[in-house]
Amino acid sequence: MTKETAPLRCGVINYGAGNLGNLHRALVRLRLPSRILSSPDEVCQDDTDVLILPGVGAFPPAMELLRRKGWEKALRRWVDDAERPLLGICLGMQLLCEASMEDGNTSGLGFLSGVVHPLEGVSKVPHMGWNSITWLPRKENMHSLVPSGSFFYFVHGFALRESDHAAATTRLDDLQFPSVVLGGRVAGCQFHPERSGLGGVAFLGRLLAFLHDGGSASLQTSLPVETALRNSATGQGGPT
């Protein structure tokens, strides 16, 4: 396999507030080599191309775990000093932002703009189930990852109200909130691509390649993703 088509090596951060099982299965299905990282000391730029920050539960204790276990400093070195790609999923996305109003006001990592607020003025909380995303006009280059109107699986009771880094939005009743955020090589998804069927897994693979390439989606980098998923569908890939 050439350097151009080599699969991305993923590091999944295990800080005590992440649901790792579905994410691991999605990466296996994509044939992307991955390691579960339980300590910041295990992060190595020589054998990791992209870091993924999952998360379920409440913002304040999750942020406390990141700080207490040394992940906050490690992630700042990864993003600010090394300019390496980082993806946050669900609560992981929220932790990448400036702050959350969940149980008070807790500062986040601040890689992406915006403050997380409770979902208010909607018929049901938490927002649980399938909903669609719409790319913002200035993010037209991301349409190659997945078309506007694509559906993903959401489970959350808090969300950004607005963000300068918003790339896509989702509507819930009369509320519209950012559901994909992107700033440089840092991105976050409020939904769970790894729990969104084959289309969600494909989007996850394309987004990781997009971040690794510095925000340029190319056929060359997407080919391993599509090949892995075709093999998976025919029984040659990872678990279904």
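Taken along its three principal axes, the alpha carbon spread of the stretch 1-134 comes to 52, 33, 25 Å, from the longest extent down to the shortest.
In square angstrom, what is the accessible area per residue of the chain with a 1.4 angstrom probe?
Values: 10440 Å² over 240 residues.
Using a 1.4 Å probe on heavy atoms only, each residue of the chain averages 44 Å².
Surface composition of the chain: carbon and sulfur make up 50 percent of the accessible area, probe 1.4 Å.
Computed over the Cα atoms of the chain, the ratio of the radius of gyration to the Kirkwood radius (Rg/Rh) comes to 0.94. Residue-wise HN-Hα couplings along the stretch 154-170, as the Karplus relation 6.51 cos²θ - 1.76 cosθ + 1.60 with θ = phi - 60° gives them from phi, are 10, 8, 6, x, 9, 7, 5, 8, 7, 7, 5, 9, 4, 10, 9, 10, 9 Hz; Gly and Pro carry x.
The calculated P(r) of the stretch 112-190, using every Cα pair and 10 Å bins from 0, goes 19, 55, 25, 1 in percent.
Annotation: aspartates and glutamates with alpha-carbon distance below 17 angstrom to LYS69 (same-chain offsets under eight excluded): ASP41, GLU42.
For ALA159, the residues whose modelled amide H falls within less than 5 Å of its own, excluding neighbours fewer than 5 places apart on the same chain, are HIS117, LEU119. Separation of the stretch 13-38 and the stretch 110-174, taken as the distance between their Cα centroids, equals 23 angstrom. Backbone geometry of the stretch 31-40 corresponds, through the Karplus equation with coefficients 6.51, -1.76 and 1.60 at θ = phi - 60°, to 3J(HN,Hα) couplings of 6, 9, x, 9, 10, 7, 9, 9, 8, x Hz, x marking Gly and Pro. Each residue of the stretch 203-208 is assigned a 3J(HN,Hα), and the resulting list reads 4, 4, x, 5, 5, 4 Hz, derived from the Karplus form 6.51 cos²θ - 1.76 cosθ + 1.60 (θ = phi - 60°), x at Gly and Pro. Between GLN45 and ASN131, the simple label model (points 7 Å from Cα in the Cβ direction) yields a spacing of 3.8 nm.
Measuring with a 1.4 angstrom probe and ignoring ligands and nucleic acids, TRP78 comes out at about 10 Å² accessible.
The values are calculated or read from the model by the stated rules, or taken from the named source; none is laboratory data. Keep in mind it's a predicted model, so treat the numbers as computed, not measured. FYI the Cβ positions are ideal-geometry reconstructions off the backbone, even for glycines, and counts take in every protein chain you see. Just the protein is used for accessible areas: all its heavy atoms, side chains included, with ligands, DNA and RNA removed. Shrake-Rupley method; radii C 1.70, N 1.55, O 1.52, S 1.80 Å.
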